[in-house]
Amino acid sequence: MSYTPGLTGPRSKKQNQNAEIWGQKEQKLTRSYSLLIGGFDTEKNQINEVGQDSFDLYDFSRESEPNTYAAAQLRWGLDQSQYLSFGFAPMEARDTTTLKQDINFGGKHYQAGSEVVSAYRNWMLSTDYVYKLLRDSDWVLDVGAGVSIVGQSIRLDNINGENLSEHDDLFITPAASIEAGYHFTESLSTSIGYRISGLSDFDQESLWISFNYQLDKRWATSLFAGQINQTTDTGDYYNDAQFDYAGFAVTYAF
């Protein structure tokens, strides 16, 4: 669903250089795996099928919405200045409501006063090539380009079933990203990032901030928060959605 906020990684500074001077060439870890968990909240999720009245899943009761965020990221270093980033971010939300007006969606009709359940799914795989512009500095400035593969499904049904409607789509879109940050110490850093991807039928913007702590050579953790804005315009329906998310990440370098 979104670009995974990344850790800026351990700073390559004088202590590594001194180790090399004394003949103890330290291995620099350029690959890492991150697991991110937290929560998310729907700010809006408006759907407008062609020729029909629009409705917003935000207005549905969100008591059954999982409100959980999870993602995984693999960074594969090519050298000290560049790496590949692979991300996976699945999201699913299920909500119910008693309709205040008639709704037509996916060729099915839902009457005002009936109880309806919705299922919204957005799974995203991302791949980016990232180049570090400021490798030997306390400042961080990384730029990237890549591709996103998004599977999106929107379903409605009566609470007792037997009236299922669905739009199920797959989008492949180019992407670009930028991440800036600063190392306060060898262990403590912060970063802010932005990623945009899209074509005519789907586009997404992600903005995030993270506070990172390097526990040792291999392990790191971070707190992060972000926002995702995305629109879908397939010619059959239009979807305008915004989600906020926050949580913590654990990273292992190897």
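The values are calculated or read from the model by the stated rules, or taken from the named source; none is laboratory data. Computed from a predicted structure; not experimentally measured. Neighbour counts run over all protein chains shown; Cβ positions are idealised from the backbone, glycine included. The protein model used for the area step is the full one, side chains on, heavy atoms only, and it has no ligands, DNA or RNA in it. Shrake-Rupley method; radii C 1.70, N 1.55, O 1.52, S 1.80 Å.
Here is a list of conditions, (1) out of contact with any Asp or Glu (no Cβ under 9 Å at 6 or more places or on another chain); (2) open to solvent by less than 40 Å² (accessible area, probe 1.4 Å); (3) not hydrophobic (A, V, I, L, M, F, W, C), and Asp95 meets all of them except one; can you say which number that is?
(1)
Name every residue in the range 110-151 that is open to solvent by less than 80 Å² (accessible area, probe 1.4 Å), in contact (Cβ under 8 Å) with a residue 40 or more places away in the chain and over 30 Å from Ala71 (Cα atoms), in order of residue number.
Tyr110, Ser114
Here's the yes/no breakdown for (1) of a type in the set (S, T, N, Q); (2) in a loop (DSSP other than H, G, I, E, B); (3) modelled with pLDDT of 55 or more:
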position	(1), (2), (3)
Ser12	yes, yes, no
Glu20	no, no, no
Lys28	no, yes, yes
Tyr33	no, no, yes
Gly51	no, yes, yes
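Evaluate the range 193-212: report whether one residue or more is closer than 23 Å to Phe55 by Cβ, assigned to a strand (DSSP E or B) and either touching a residue at least 60 places away in the same chain (Cβ under 8 Å) or of a type in the set (Lys, Arg) (or both).
yes
Would you tally the residues in the range 213-226 being in contact (Cβ under 8 Å) with a residue 40 or more places away in the chain and part of a strand (DSSP E or B)?
Selection size over the range 213-226: 5.
So which residues in the range 219-254 are over 14 Å from Ala71 (Cβ atoms) and crowded, with 22+ Cβ neighbours inside 10 Å?
Result: Ala220, Gln230, Thr232, Asn239, Ala241.
Among the residues of the range 89-128, how many are within 20 Å of Asp203 (Cβ to Cβ), modelled with pLDDT of 90 or more and not polar (S, T, N, Q)?
Residues meeting the conditions: 8.
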